[in-house]
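Student: I'd like to ask some things about the structure below.
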Amino acid sequence: METHISCLFPELLAMIFGYLDVRDKGRAAQVCTAWRDAAYHKSVWRGVEAKLHLRRANPSLFPSLQARGIRRVQILSLRRSLSYVIQGMANIESLNLSGCYNLTDNGLGHAFVQEIGSLRALNLSLCKQITDSSLGRIAQYLKGLEVLELGGCSNITNTGLLLIAWGLQRLKSLNLRSCRHLSDVGIGHLAGMTRSAAEGCLGLEQLTLQDCQKLTDLSLKHISRGLMGLRLLNLSFCGGISDAGLLHLSHMGSLRSLNLRSCDNISDTGIMHLAMGSLRLSGLDVSFCDKVGDQSLAYIAQGLDGLKSLSLCSCHISDDGINRMVRQMHGLRTLNIGQCVRITDKGLELIAEHLSQLTGIDLYGCTRITKRGLERITQLPCLKVLNLGLWQMTDSEKEARGDFSPLFTVRTRGSSRR
């Protein structure tokens, strides 16, 4: 006897539909009544983020989303009042407004007029009209917030951080990329250095301060004293921090990932401070730090040998530095040494001999390597990604590239400084 798919129990159909992408889930719901009922089961839509263009009134939109249990929303274009979303999604957990350039303090103020206890994540990246006034609303009504993205909100000041430190004690992740008005005072607020005015966000686990150019070593002192549970810290393009600031960070035992990309004042001395402390880093990025050289690799081998990912793009390192590092770094999975023009085949041979767990390596712009060194690298048993941008190959080497293992991806596109 033949069995048709229409004979399946709704629970089985829902399990199958759960594996479809968002568009196909919607298409399945249009096949017939039975499929629609199965496709609208909340288990099918668990974790899905609805991506919406809010252009005109649609009375059935939010009841439909709620019926499917959708609680995460991204607004792709905002032509209606934000309050339309907040009122329609009573149990919203995540709201992504990234790139909604026309969102203003006034519009956000009309939306957040009472406590929204369910909201855990709010993304306002590149909402350039948002100011400290909006942060006051957020701090007052979104006290359960755990993730706040403010990257590119260039009108935010230290006052805004004081408001965050006052109202958002549950915050775990904060992105302040390119908020260029921020200074050490604001970081002090976050770290609880002004307890008389605000408790601080002492539970922060991830903090992105990329391109906050007014920050100095004093900010790192505040962070090390107040944000002791921090696991990820991004300080890339913070030109005001120096080796002395890294001394403050060197005893943050919870820190796992540190990004110092393009911090021009960081040198071998700063890496020494990190290595001599009690850090247990798994990821370190010092790319484009022009004062970092072979001595840093020796320090890393001595005190940061637990690293899984290390980025050294455009640093002044050579085969000698590679030799001093690789013998202690057996757990390294990702190594980025693009534009390190002093690296030769000898360095690649050392990497191939000692870093057997390597899954990805960036050799973009390493112009002194040849086919001989690449052949050794491609023999690494775990290698999945190899970036060869700007490597000058002869015709015969281009033909030989076809002999490389098909088990990993060969990328030829370069990486940029930012």
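Student: Mind telling me which of the residues Ala275, Ala244 ends up being over 22 Å from the mean Cα position of the chain (by Cα), under 25 Å from Gly186 (Cβ atoms) and at pLDDT 95 or above?
Tutor: After applying the criteria, what remains is Ala244.
Student: Quick one: count up the residues across the range 77-106 that are over 18 Å from Ser154 (Cα atoms), assigned to a helix (DSSP H, G or I) and open to solvent by 10 Å² or more (accessible area, probe 1.4 Å).
Tutor: The qualifying residues number 5.
Student: Here's a follow-up. Based on what the data block shows, is Leu148 closer than 21 Å to Glu205 by Cα and of a type outside the set (D, E, K, R)?
Tutor: Taking the combined requirement at face value, the residue satisfies it.
Student: In the list Asp320, Asp345, which residue meets the criterion of being among the charged types (D, E, K, R), open to solvent by 20 Å² or more (accessible area, probe 1.4 Å) and modelled with pLDDT of 95 or more?
Tutor: Asp320
Student: Of everything in the range 210-221, what is over 19 Å from the mean Cα position of the chain (by Cα) and within 17 Å of Asn175 (Cα to Cα)? Give them in sequence order.
Tutor: Those that are over 19 Å from the mean Cα position of the chain (by Cα) and within 17 Å of Asn175 (Cα to Cα): Gln213, Lys214, Leu215, Ser219, Leu220.
Student: Looking at (1) at pLDDT 95 or above; (2) open to solvent by less than 10 Å² (accessible area, probe 1.4 Å); (3) farther than 19 Å from Leu247 by Cα, find the lone condition where Ser178 falls short.
Tutor: (2)
Student: If I ask for residues that are open to solvent by less than 30 Å² (accessible area, probe 1.4 Å) and under 22 Å from the mean Cα position of the chain (by Cα), which ones from the range 187-207 would you list?
Tutor: Within the range 187-207, Ile187, Leu190, Ala191, Cys201, Leu204, Leu207 meet the criteria.
Student: Restricting attention to the range 107-141, which residues are of a type in the set (A, V, I, L, M, F, W, C) and in a loop (DSSP other than H, G, I, E, B)?
Tutor: Those that are of a type in the set (A, V, I, L, M, F, W, C) and in a loop (DSSP other than H, G, I, E, B): Phe112, Val113, Ile116, Leu119, Leu124, Leu126, Cys127, Ile130.
Student: In addition: Being under 18 Å from the mean Cα position of the chain (by Cα) and under 25 Å from Arg324 (Cβ atoms) is the requirement here; does Ser257 meet it?
Tutor: yes
Student: Enumerate the pairs (first residue in the range 238-265 and closer than 21 Å to Met228 by Cα and among the acidic types (Asp, Glu); second residue anywhere and open to solvent by less than 30 Å² (accessible area, probe 1.4 Å) and assigned to a helix (DSSP H, G or I)) with beta-carbon separation below 9 Å, excluding pairs fewer than 6 apart on the same chain, so at least 6 apart or on different chains.
Tutor: Final answer for the pair search is Asp243/Gly270; Asp243/Ile271.
Student: Residues to consider are Leu233, Leu258, Leu247, Leu279; find the one that is on the phi < 0 side of the Ramachandran plot and surrounded by fewer than 21 Cβ atoms within 10 Å (Cβ to Cβ).
Tutor: Of Leu233, Leu258, Leu247, Leu279, the one residue that is on the phi < 0 side of the Ramachandran plot and surrounded by fewer than 21 Cβ atoms within 10 Å (Cβ to Cβ) is Leu247.
Student: Quick one: which helices (runs of 4 or more DSSP H) sit completely within the range 222-329 and have at least 2 residues that are under 26 Å from Lys172 (Cα atoms)?
Tutor: 243-249
The values are calculated or read from the model by the stated rules, or taken from the named source; none is laboratory data. Model, not experiment: these values are computed from the prediction. Using ideal geometry, Cβ is built from the backbone for each residue, glycine included, and neighbour counts are taken over all protein chains shown. Ligands, DNA and RNA are excluded from the accessible area calculation, which covers all protein heavy atoms including side chains. Shrake-Rupley method; radii C 1.70, N 1.55, O 1.52, S 1.80 Å.
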